[in-house]
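What follows is a short report on a single structure.
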Amino acid sequence: MSGFIPHTEEEIIQMLNVIGVNKIEDLFLDIPENLKTKNFNIPDGLDEIELEKKVKNLAKKNRSDIINFAGGGYYDHFIPAAVDVISSRSEFYTAYTPYQPEASQGTLQAIFEYQTMITGLTGLDYSNASLYDGGTALYEAIAITVRTNNRSKVIIDKGVNPLFRKIVKTYSINLPLKIIEVDLKDVYTDREKIKELLDDETAALVVQNPNFFGIVEDFEDLFIFAKQKNISAILVFYPVSLGILKTPGEMKADIAVAEGQSLGLPLCFGGPYLGIIAVDKKYLRKMPGRIVGETIDKEGRKAYVLTLQAREQHIRREKATSNICSNQALCALRAVVFLSLYGKNGFRELALKNFENAEYLKEKFSDIKNLKIKQGQTFNEFTIEIKEDAFNIVKELIRKGFFGGLPAGLFFEDKKNYLIISVTEKRTKDEIDTFYKILKEILKG
Amino acid sequence: MKTIFENSIKGRKGVISGEVNNDLIKKIDEKFLRKEELSLPEVSELDVIRHYINLSKLNFSVDTEFYPLGSCTMKYNPKVCEKLASREEFLNLHPFLSYIDEDSVQGVLEIIYEISRLLCEITGMKKITTQPYAGAHGELTGVLLMAAYHKAKGNNKKYIIIPDSAHGTNPASAAMGGYSIISIPVDKDGNMDVNILKEKINEEVAGIMMTVPSTLGLFEKNIKEIIELAHKYDALMYYDGANLNAILGKLKPGEIGFDIIHINLHKTFSTPHGGGGPGSGVVGVSGKIMDFLPVPEVIKENEKFKLNFNIKNSIGSVASFYGNFQVLLKAFIYIILLGKKGLIKVSEVAVLNANYILAKIKSYYDVPYNRICMHEFVLSARKQLKNGVHAIDIAKYLIDNKIHPPTVYFPLVVEEAIMIEPTETESKQTLDEFIDIMIKIAEISEKEPEKIKQAPLKTPILRVDEAKAARELKLKCDI
């Protein structure tokens, strides 16, 4: 016996004797012989040295040295070393869901602090212990509103991340839910069109800030308008931007959701990420997922415990608020450590630095004549319009070592010449200058 | 312990960052700016490290304690998987890169392609989608696939059949996907009651969701008959892979007629649970469901890995990209490390360990279904209850003995259920210690039940007032 199975042959025989069977195969007699598989074509195992070589080879087949100017909802932010140290702590990452509070105060308190920080960030009343990712969090937010006001129509601005919108549509394929997506006016939210569409069958209005093209807006007036018609206001936000930008709470959103990847999670080819949701108090009991509450133990000491479990699937089964049975606990832990490290001032400075870098690149771009920057307030991401298909330009940039942005044409057929560029705090002046120079050459501007 | 906010000192910061031009804020119109103060703590890096390391010490974990938590497969997580999956070449990859230049991401696409192929071979399914983030998410994906299949065939289906021993996620996922539930009880041997199934099944049934082995830790003896019955009504068979750890190399759900399966990579394929996530609930399908899978899928053409966005009747996407990629990667490393023999051994020893414990303690506890079990089994604390000792008391007493409790009060069909799953990575010595304590608990329950009921006494906190938590909601720190 080897690897992760500690038994010696002798021990196995002793154990079989205790059970009262002759061989291990006798333990599988309940499986009818004709159902057992005849084939199991899995390659032979490797030793740790061979394994390292194989995985290293696979790792090398990726261009991970590319300098990122692409965002699209997933950003190349710096991650302080302390984040990895905490999340690679065995007691956190090899623990189970904290159903037994006496054996899980560490995870429970960390989530409690996470909930606190998310409410602080968003200006809304409550957060849960996290969901899978931004897109699934958006669906859950919509489901809350549909359940609450028994309406079946949802209005989604096309400034909302197209990946999120796709998830929402997929989730609703077998539900009596009408998803109406509202075209943008160029890259800007069409407020008049949205107002026309908000009627008494509408459960929720969903907009995003900054939107997919990087445009920053204030949706307060639109949300007030919606709420006068008893329509719930859902805002998709970008966590790092809230270091300086108006909060979902200040905009009078009822529910705010986000992809939390920017809070200390590596890009890692799509996951694991973090679904953030925060709600106004009136939706607390409709919110899906785990929630940690503070209470006391038998001796009156402060203690944390999973609470409001009567909403959840293991109690309510088909009547639960959602089928969700996990959270991205370790990712939420990374977020809470990340937010603690930056803290009140550091997080604001982080946001400012992002803004500064993007503004710097914008300024540089102003002398490229074959390039037009989309007007409007932006944060760390903005859209340029060029004369060629942006997809080809990005391909060329990749060859030169830069992931130079996200071609909008991937998601918007009429915007093939638009390139969405993001500049985080991680980009040095040197990288930005070089990127500018190379793009200028390619565009012959 | 104090909260991180209580450690806050005005002016402190835990990161070293460059200069920022504060005047820049003036470039942004007031109406776009946050007015409310940012309520985050102000702490140093050491403050943060000490706080969270000390918090970690309040947790049980697989690396520090035995975790015989039924249905959750808390096996040891090999460190080489963690190490290799944390290479920079993976962590730094922007997922959108794959949408533009597949050449830049051949390694990760190969990993997704290969783990899909391996999981198809392990489960007997035709194709895999790696998108689902967790078991319940896989279930929902499966239910959406069912809906798409029936829609394409013009079938009018309204119900999903689920045994009453199933995980709560099954009915919740079915409802979330737009179906009503028909619940079927288990018979006296712990199998789904086929006679009742025959009465209840009809043309409007979209599918049957089964956990095999069942949540009672038993192999479903009538499985073939159930599958044939389902297919007669064009109902699809869904395999909940929560208990796949019992049957690697023994049985392939796809071969015996299952149409859709989800696999909890964080259980059978040993990726860590992370205190409740992230996991992975990849979904496999048979030939007739292939055309409905989410996009994009990774394909191989002329020795190159590519994305295919054109699946004829695709349901769309259930995740932003390819699911929890790093979790897939850890599971991939685990599978190629263990290989064929290693994987077969996993199930054999998992089943051996469970039966060994069962054989040793069954005379001390009520065993509702006294059969050879698979990788886990269910006891009832009915005997102990006569002296006032509940399953939860036994759980808490185990905590005092540095053992994470088994799953209690599940499955719901067993009164005072205690569900034990030792997994294959635990040694005979660990099992023997657990057995001794379980026997001791049974004995103390007879003579001094109060001793069990008081537990735990050695933990950082004692039993908590859950009613107070729910009644006087406090869901965030005082700041």
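The values are calculated or read from the model by the stated rules, or taken from the named source; none is laboratory data. Since the structure is predicted, the reported quantities are computational estimates derived from the model, not experimental observations. As a convention, Cβ positions derive from the backbone with ideal geometry for all residues, glycine included, and neighbour counts pool all protein chains shown. The accessibility values were calculated without ligands, DNA or RNA, using every heavy atom of the protein model including side chains. Shrake-Rupley method; radii C 1.70, N 1.55, O 1.52, S 1.80 Å.
Things to note:
- When A:PHE347, A:PHE355 are checked against the criterion of being within 10 Å of chain B (Cβ to nearest Cβ), part of a helix (DSSP H, G or I), more than 28 Å from A:SER88 (Cα to Cα) and aromatic (Phe, Trp, Tyr), a single residue qualifies: A:PHE355.
- The single condition from (1) touching a residue at least 60 places away in the same chain (Cβ under 8 Å); (2) over 19 Å from the mean Cα position of the chain (by Cα); (3) under 30 Å from B:SER280 (Cβ atoms) that A:GLY289 fails is (2).
- Residue list for segment B:166-186, restricted to those being over 16 Å from A:ILE324 (Cα atoms), open to solvent by 10 Å² or more (accessible area, probe 1.4 Å) and in contact with a strand residue (DSSP E or B) (Cβ under 7 Å, 6 or more places away or on another chain): B:TYR179, B:SER180, B:ILE181, B:ILE182, B:SER183, B:VAL186
- Matching entry among B:ILE25, B:ILE49 (being over 34 Å from the mean Cα position of the chain (by Cα), free of Cβ contacts under 8 Å to residues at least 24 places away in the same chain, surrounded by 15 or more Cβ atoms within 10 Å (Cβ to Cβ) and not in a loop (DSSP other than H, G, I, E, B)): B:ILE25
Okay, residues lined up against (1) crowded, with 20+ Cβ neighbours inside 10 Å; (2) assigned to a loop (DSSP other than H, G, I, E, B):
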position: B:GLY284; (1), (2): yes, no
position: B:ASP291; (1), (2): no, no
position: B:VAL295; (1), (2): no, yes
position: B:ILE311; (1), (2): no, yes
position: B:TYR322; (1), (2): yes, yes
position: B:ILE336; (1), (2): yes, no
position: B:GLY342; (1), (2): yes, no
position: B:LEU352; (1), (2): yes, no
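- Yes/no for B:SER61 being within 22 Å of B:LYS476 (Cα to Cα) and either open to solvent by 20 Å² or more (accessible area, probe 1.4 Å) or facing chain A (nearest Cβ under 8 Å) (or both): no
- Candidate set: segment B:3-14, residues that are within 39 Å of the chain's Cα centre (by Cα) and either more than 7 Å from chain A (Cβ to nearest Cβ) or within 21 Å of B:LYS476 (Cβ to Cβ) (or both); chosen: the one surrounded by the most Cβ atoms within 10 Å (Cβ to Cβ): B:ILE4
- Within this structure, B:SER98 fails the test of being free of Cβ contacts under 8 Å to residues at least 12 places away in the same chain and in contact with a Leu (Cβ under 8 Å, 6 or more places away or on another chain).
- Qualifying residue in segment A:141-153 (condition: touching a Phe, Trp or Tyr at 6+ places or on another chain (Cβ under 7 Å), of a type outside the set (Ser, Thr, Tyr) and in contact (Cβ under 8 Å) with a residue 24 or more places away in the chain): yes
- The single residue among B:SER71, B:SER86, B:SER17 that is small (Gly, Ala, Ser) and within 7 Å of chain A (Cβ to nearest Cβ) turns out to be B:SER17.
- Evaluating B:LEU457 against the criteria (1) surrounded by 24 or more Cβ atoms within 10 Å (Cβ to Cβ); (2) more than 23 Å from B:PRO163 (Cα to Cα); (3) free of Cβ contacts under 8 Å to residues at least 60 places away in the same chain; (4) not aromatic (Phe, Trp, Tyr) leaves one unmet condition, (1).
- Test: residue in segment B:394-410 that is under 23 Å from the mean Cα position of the chain (by Cα), surrounded by 24 or more Cβ atoms within 10 Å (Cβ to Cβ), small (Gly, Ala, Ser) and not assigned by TED's automatic domain parsing to the domain that holds B:GLY190: yes
- Selection count where residues are in contact with a helix residue (DSSP H, G or I) (Cβ under 7 Å, 6 or more places away or on another chain), touching a residue at least 60 places away in the same chain (Cβ under 8 Å) and not aliphatic (A, V, I, L, M), scope segment A:241-268: 11
To keep it simple, each residue is scored yes or no on (1) open to solvent by 10 Å² or more (accessible area, probe 1.4 Å); (2) of a type in the set (A, V, I, L, M, F, W, C); (3) more than 21 Å from B:HIS375 (Cβ to Cβ).
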residue	(1), (2), (3)
B:THR73	no, no, no
B:TYR76	yes, no, no
B:ALA85	no, yes, yes
B:GLU88	yes, no, yes
B:ASN92	yes, no, yes
B:SER98	no, no, yes
B:ASP103	yes, no, yes
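- If you go through segment B:231-255 and keep only what is aliphatic (A, V, I, L, M), in contact with a strand residue (DSSP E or B) (Cβ under 8 Å, 6 or more places away or on another chain) and either surrounded by fewer than 24 Cβ atoms within 10 Å (Cβ to Cβ) or not in a helix (DSSP H, G or I) (or both), you end up with B:ALA235, B:LEU236, B:MET237, B:LEU251.
- If you go through segment A:384-415 and keep only what is more than 12 Å from chain B (Cβ to nearest Cβ), assigned to a loop (DSSP other than H, G, I, E, B) and buried (at least 17 other Cβ atoms within 10 Å of the Cβ), you end up with just A:PHE412.
This table checks each residue for (1) within 23 Å of the chain's Cα centre (by Cα); (2) touching a residue at least 24 places away in the same chain (Cβ under 8 Å); (3) facing chain A (nearest Cβ under 9 Å).
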{"site": "B:LEU145", "(1), (2), (3)": "yes, yes, no"}
{"site": "B:TYR149", "(1), (2), (3)": "no, yes, no"}
{"site": "B:ASN155", "(1), (2), (3)": "no, yes, no"}
{"site": "B:ASN202", "(1), (2), (3)": "no, yes, no"}
{"site": "B:MET210", "(1), (2), (3)": "yes, yes, no"}
{"site": "B:GLY217", "(1), (2), (3)": "yes, yes, no"}
{"site": "B:GLU225", "(1), (2), (3)": "no, yes, no"}
{"site": "B:ASN245", "(1), (2), (3)": "yes, yes, no"}
{"site": "B:LYS252", "(1), (2), (3)": "yes, yes, yes"}
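- Residue tally, condition acidic (Asp, Glu) and assigned to a loop (DSSP other than H, G, I, E, B), over segment B:440-466: 2
- Matching residues, segment A:51-95, being touching a residue at least 12 places away in the same chain (Cβ under 8 Å) and aliphatic (A, V, I, L, M): A:ILE66, A:ILE67, A:ALA70, A:ILE79, A:ALA82, A:VAL83, A:ILE86, A:ALA95
- Criterion violated by A:ILE224 - all others in (1) open to solvent by 10 Å² or more (accessible area, probe 1.4 Å); (2) part of a loop (DSSP other than H, G, I, E, B) satisfied: (2)
- Filtered residues of segment A:156-179 (kept if more than 20 Å from A:TYR132 (Cβ to Cβ), touching a strand residue (DSSP E or B) at 6+ places or on another chain (Cβ under 8 Å) and of a type outside the set (Lys, Arg)): A:ASP157, A:GLY159
- Any chance A:PHE28 is surrounded by 16 or more Cβ atoms within 10 Å (Cβ to Cβ) and in the same structural domain as A:ALA332 (by TED's automatic domain parsing): no
- Top-ranked residue in segment A:268-314 [being within 7 Å of another protein chain (Cβ to nearest Cβ) and open to solvent by 10 Å² or more (accessible area, probe 1.4 Å); ranked as modelled with the lowest pLDDT]: A:HIS314
- Flag for B:LEU265 being away from chain A (no Cβ under 12 Å), crowded, with 24+ Cβ neighbours inside 10 Å and modelled with pLDDT of 95 or more: no
- Filtered residues of segment A:139-158 (kept if within 20 Å of A:GLU196 (Cα to Cα), of a type in the set (D, E, K, R) and open to solvent by 10 Å² or more (accessible area, probe 1.4 Å)): A:ARG151, A:LYS153, A:LYS158
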